[in-house]
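Student: Below is one structure. I have some questions about it.
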Number of protein chains: 2
Amino acid sequence: MTTQRLQQQIAFIIEVDKIKQIYRKNFVIGGERHETDAEHSWHLAIMAILLAEHIDYPLDILKVIKMVLIHDIVEIDAGDTYCFDQIGGLDKAVREQAAANRLFGLLPEDQAQELRSLWDEFEQRGSLEAKFADALDRLQPLLLHYNTEGKSWQLNGITSGKVIERNQRTREISDKLGQLVDDIIEDSISKGYLKK
Amino acid sequence: MTTQRLQQQIAFIIEVDKIKQIYRKNFVIGGERHETDAEHSWHLAIMAILLAEHIDYPLDILKVIKMVLIHDIVEIDAGDTYCFDQIGGLDKAVREQAAANRLFGLLPEDQAQELRSLWDEFEQRGSLEAKFADALDRLQPLLLHYNTEGKSWQLNGITSGKVIERNQRTREISDKLGQLVDDIIEDSISKGYLKK
């Protein structure tokens, strides 16, 4: 017989499978369908591994990876709130706190505390790791928008001011990634993917 | 202007987006659609974090996570070879080696070497980390098959002998996970999800 501890871990692993059915606003490259939260989180983890060297300070990469892998789990209960949705954004925090209580609460207490604390840190941008994770969470959709010719921006009436605002924090932690973001936005405007 | 190094990293990050369009044989839980490789890889990374404590020897968890995140990238070129497909399995290694050369070759040389070496290690089960990653790669679909009442097993005519054989290595690295696997298979048979 498996122990209660292992049963709790498996229950969580099964429950978070639902993140594969939470669809984001952006599209996968070359595809017709929207990206799922699980796919997005996988992509952030790959980016964290490859791009950590561009952060101007030393950081704990394992912590960043854990953060990006779990950062959207709360959307299983709270749904994906579009980053440019001002009304949905109003009660987002309340909905996501309740989701975090329920979902992380499925785990054995020590693991629940570890992941919850990582999630809180991410939400509050409370460390260099959280700021890097947050920058990746903004850069990754930017890359997908750019590589789908701005399809989702156009469908949702998003203009360059909002995109610039959403990505301006990146420069706080990395000049190089900040420059990359500026270049992509500028090129998106000049190619007509993003309205000025 | 971004450096050539950063451009290579971004080119890889864009290219591997294609893993979101590689569909596996198993279904997501409760859903009607097949799981993508990106979703599967995300799930393995979550499992690695939570279940590492059940491995009977100390291991480098960051290495395991990197391994599971990249283990299926080669399927972008080589396609998903169903684990029970004996004919597709014949030239799988050749197709996947070529894919690894091309895909990891997009990266700056040091990162290409690191990820390629992790992928080789995974393929060869050449370390405790690789054996754990491999066991997760077998346990995760088992959990999904069980929680979709064996839908994919039935559609593909898979019987218990094959599933037992595929999961028997798990006990080599963890008694507890080995027992879990046995319990799930036994329960799948008794519930009629898996034919004896």
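Student: Within segment B:20-74, can you find the residues that are under 18 Å from B:Gln124 (Cα atoms) and of a type in the set (Asp, Glu)?
Tutor: Within segment B:20-74, B:Asp60, B:Asp72 qualify.
Student: Restricting segment B:153-187 to residues that are within 14 Å of chain A (Cβ to nearest Cβ) and of a type in the set (S, T, N, Q), which is nearest to B:Glu123 (Cα to Cα)? Please lay out each step first, then the result.
Tutor: Residues of segment B:153-187 that are within 14 Å of chain A (Cβ to nearest Cβ), as a first pass: B:170-171, B:174-187.
Within this subset, residues satisfying the condition of being of a type in the set (S, T, N, Q) are B:170, B:174, B:179.
On the way: B:Thr170: 16, B:Ser174: 19, B:Gln179: 24 Å.
Checked segment B:153-187; the qualifying residue nearest to B:Glu123 (Cα to Cα) is B:Thr170.
Student: Okay, moving on. When you go through (1) farther than 27 Å from B:Lys20 by Cβ; (2) within 12 Å of another protein chain (Cβ to nearest Cβ) one by one for A:Leu115, which number turns out not to apply?
Tutor: (1)
Student: Just checking, how many residues over segment B:1-26 are in contact (Cβ under 8 Å) with a residue 24 or more places away in the chain, in contact with a strand residue (DSSP E or B) (Cβ under 9 Å, 6 or more places away or on another chain) and either open to solvent by 10 Å² or more (accessible area, probe 1.4 Å) or at the interface with chain A (Cβ under 7 Å from one of its Cβ atoms) (or both)?
Tutor: Looking only at that region, the number is 4.
Student: Right, another one. If B:Ile29 passes every condition in (1) more than 8 Å from every other protein chain (Cβ to nearest Cβ); (2) modelled with pLDDT of 95 or more; (3) open to solvent by 30 Å² or more (accessible area, probe 1.4 Å); (4) closer than 21 Å to A:Ile14 by Cβ but one, which one does it miss?
Tutor: The number of the failed condition is (1).
Student: Separate question: Any residue at all in segment A:37-45 that is of a type in the set (Asp, Glu), assigned to a helix (DSSP H, G or I) and within 21 Å of B:Gln140 (Cα to Cα)? Before the answer, list the steps.
Tutor: Taking segment A:37-45 first, the residues of a type in the set (Asp, Glu) are A:37, A:39.
Filter again for assigned to a helix (DSSP H, G or I), leaving A:37, A:39.
Right, trim to within 21 Å of B:Gln140 (Cα to Cα) and you get A:37, A:39.
Yes, some residue in segment A:37-45 is of a type in the set (Asp, Glu), assigned to a helix (DSSP H, G or I) and within 21 Å of B:Gln140 (Cα to Cα).
Student: Is segment B:47-66 home to any residue that is under 20 Å from B:Asp110 (Cβ atoms), under 15 Å from the mean Cα position of the chain (by Cα), open to solvent by less than 40 Å² (accessible area, probe 1.4 Å) and at the interface with chain A (Cβ under 7 Å from one of its Cβ atoms)?
Tutor: Yes: one or more hits.
Student: Here's something else I'd like to know. Any idea which of (1) in contact with a Lys or Arg (Cβ under 8 Å, 6 or more places away or on another chain); (2) modelled with pLDDT under 95 is the one B:Val94 doesn't satisfy?
Tutor: (1)
Student: Of all residues in segment B:53-65, count the ones that are assigned to a helix (DSSP H, G or I) and more than 21 Å from A:Leu44 (Cβ to Cβ).
Tutor: Residues meeting the conditions: 2.
Student: Within segment B:19-26, identify whether any single residue is part of a helix (DSSP H, G or I) and among the polar types (S, T, N, Q), and answer yes or no. Talk me through it step by step, then tell me what you get.
Tutor: Keep residues of segment B:19-26 that are part of a helix (DSSP H, G or I), which gives B:19-21.
Now drop any that are not among the polar types (S, T, N, Q), which leaves B:21.
Yes, there is a match, as at least one residue in segment B:19-26 is part of a helix (DSSP H, G or I) and among the polar types (S, T, N, Q).
Student: Is one or more of the residues making up segment A:67-77 surrounded by fewer than 19 Cβ atoms within 10 Å (Cβ to Cβ) and over 23 Å from A:Thr36 (Cβ atoms)?
Tutor: No, that holds for no residue.
The values are calculated or read from the model by the stated rules, or taken from the named source; none is laboratory data. Predicted, not measured: the structure shown is a model, and the values here were computed from it. For neighbour counting, all protein chains shown are included, and Cβ atoms are generated from backbone atoms with ideal geometry for every residue, glycine included. Note: areas computed on protein heavy atoms with side chains; ligands, DNA, RNA excluded. Shrake-Rupley method; radii C 1.70, N 1.55, O 1.52, S 1.80 Å.
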